[in-house]
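Comments concern the structure below.
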Amino acid sequence: MELIRKNNQMILCSQNVEAIEEIGFSTHPYNGRWQAIGQSTRTNEGLIFEDPMPKQRLYYQVITQDSKQIIAERRVNLVHSFNMRDLGGYLGVDNRPVKWSLFFRSDDLSSLDTRDRCYLEEMGIRSIVDYRSEGEKEKHPNQLISNTQTYEFSPNAKVAALASSTLKDDQEKVAQLVSLAASSKGREELVERLDEMAQQMEDLVAEPYAITAYREMLQLLEVPERLPMIQHCRGGKDRTGWGAALILFILGVSEEAIMEDYLYTKKVNTLRNQKRMAEYQQYTDDSFVLDYLYSLMDTKESYFIRALDKVKELSGDIDTYLTEYLGITEKKKQVYQQLYLASEGEK
């Protein structure tokens, strides 16, 4: 079951739409009062209805004859953020879903307008984890969200910082790449660099700066009052993707579902990446250089596999890695699972 949006129209996609008896909405998934959505239409796409409150994030309780399920849009409905998503709903230990409205992953918060800021404030965000470099933060300072605490935990990801450089230095960056690609030796160097993003995923697993950053991020889970939490970098892809994956691994979400979450960025970043490529094309039509630049923004399964392979190389499996490198003992995992997975009555 999935909830998707087309403007202010919501589509509840289900293999058995006819089994849905009732849908209620609330601004909070677990302690709110459910209100009926009103008129809806069953189609081949799913159950279609109007967003009851477009200015606030809503959660929905779907009732069938056999079950009740809480769902929400995966992507948060912000105008000036491409890639803010809720990690709720993925199935963890004992088939218990990750609670909605606690863990969010995002691209940066520099372009948010008043509407977006109010939307996040209504969601009750308490902590913001910023993985960006000092240079990235200086060029694109986050918009301020009331009642939040920002934690700056940079994993020192130089390739990601290069990929996120902006129009102010695009012309210089493209000119350097075109110059490099003009010789066969330079092209060979760029071919070798195509492995950089995958190598960076290994570094996020193994390098001391990164281990420290993610260890500090995970320490926020020790105090539930610090949640809801947004973790973000520039594009919300790799640095944030690995941070999100660590939380999901701790909660017992399957590797397959975590890969699905990582690759979801490719879907939501399509328009953003097209815009960036159009900006690069102002300065060159060299297809070799443009392909290289696109590779820095792309989201590939192979990148995430490199991170998992590095985990296995270091520790044998993810549980041992979490303990040895990030201080997440079995006891801590059980505490977090109790706190952040929905109970039977909350599903």
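The values are calculated or read from the model by the stated rules, or taken from the named source; none is laboratory data. Owing to the predicted nature of the structure, the values given are computational and were not obtained by experimental measurement. Heads up, the Cβs are rebuilt from the backbone with ideal geometry, glycines too, and the neighbour counts pull from every protein chain shown.
Values computed for the structure shown
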| item | result |
| --- | --- |
| Top-ranked residue in the stretch 131-147 [being buried (at least 19 other Cβ atoms within 10 Å of the Cβ) and touching a residue at least 40 places away in the same chain (Cβ under 8 Å); ranked as nearest to residue 243 (Cα to Cα)] | 131 |
| Residue list for the stretch 15-65, filter: touching a Pro at 6+ places or on another chain (Cβ under 8 Å) and hydrophobic (A, V, I, L, M, F, W, C) | 25, 37, 58 |
| Test set (1) within 30 Å of residue 28 (Cα to Cα); (2) at pLDDT below 95 - residue 163 fails condition number | (1) |
| Wholly enclosed helices (runs of 4 or more DSSP H) of the stretch 206-304 bearing at least 1 residues under 26 Å from residue 172 (Cβ atoms) and not aromatic (Phe, Trp, Tyr) | 239-250, 270-280, 287-297 |
| Hey, residue 67 of a type in the set (Gly, Ala, Ser) and not assigned by TED's automatic domain parsing to the domain that holds residue 262 or not | yes |
| Condition check for residue 288: more than 18 Å from residue 254 (Cα to Cα) and of a type outside the set (D, E, K, R) | yes |
| Counted residues, the stretch 105-123 - those being touching a Ser or Thr at 6+ places or on another chain (Cβ under 8 Å), in contact (Cβ under 8 Å) with a residue 60 or more places away in the chain and more than 21 Å from residue 269 (Cβ to Cβ) | 2 |
| Test for residue 200: is it polar (S, T, N, Q), over 15 Å from the mean Cα position of the chain (by Cα), in a helix (DSSP H, G or I) and surrounded by 18 or more Cβ atoms within 10 Å (Cβ to Cβ) | yes |
| Residue within the stretch 8-19 that is surrounded by fewer than 13 Cβ atoms within 10 Å (Cβ to Cβ), over 25 Å from the mean Cα position of the chain (by Cα) and not in a loop (DSSP other than H, G, I, E, B) present | yes |
| Condition check for residue 126: out of contact with any helix residue (DSSP H, G or I) (no Cβ under 7 Å at 6 or more places or on another chain) and at pLDDT 95 or above | no |
| Residue satisfying all of: in the stretch 48-66; surrounded by fewer than 20 Cβ atoms within 10 Å (Cβ to Cβ) and in contact (Cβ under 8 Å) with a residue 60 or more places away in the chain; farthest from residue 125 (Cα to Cα) among these | 55 |
| The stretch 258-272, residues that are at pLDDT 85 or above and either closer than 16 Å to residue 106 by Cβ or surrounded by 19 or more Cβ atoms within 10 Å (Cβ to Cβ) (or both) | 258, 261, 262, 264, 265, 266, 267, 268 |
| Single condition residue 67 does not satisfy, out of (1) within 24 Å of residue 338 (Cβ to Cβ); (2) at pLDDT 95 or above | (2) |
| Residue 212 of a type in the set (Val, Ile, Thr) and touching a Lys or Arg at 6+ places or on another chain (Cβ under 8 Å) | no |
| Some residue of the stretch 274-283 being hydrophobic (A, V, I, L, M, F, W, C) and free of Cβ contacts under 8 Å to residues at least 24 places away in the same chain | yes |
| Pairs where the first residue, in the stretch 75-87, is farther than 23 Å from residue 257 by Cβ and the second is hydrophobic (A, V, I, L, M, F, W, C), C-beta under 6 Å, 6+ apart | 78/84; 80/112 |
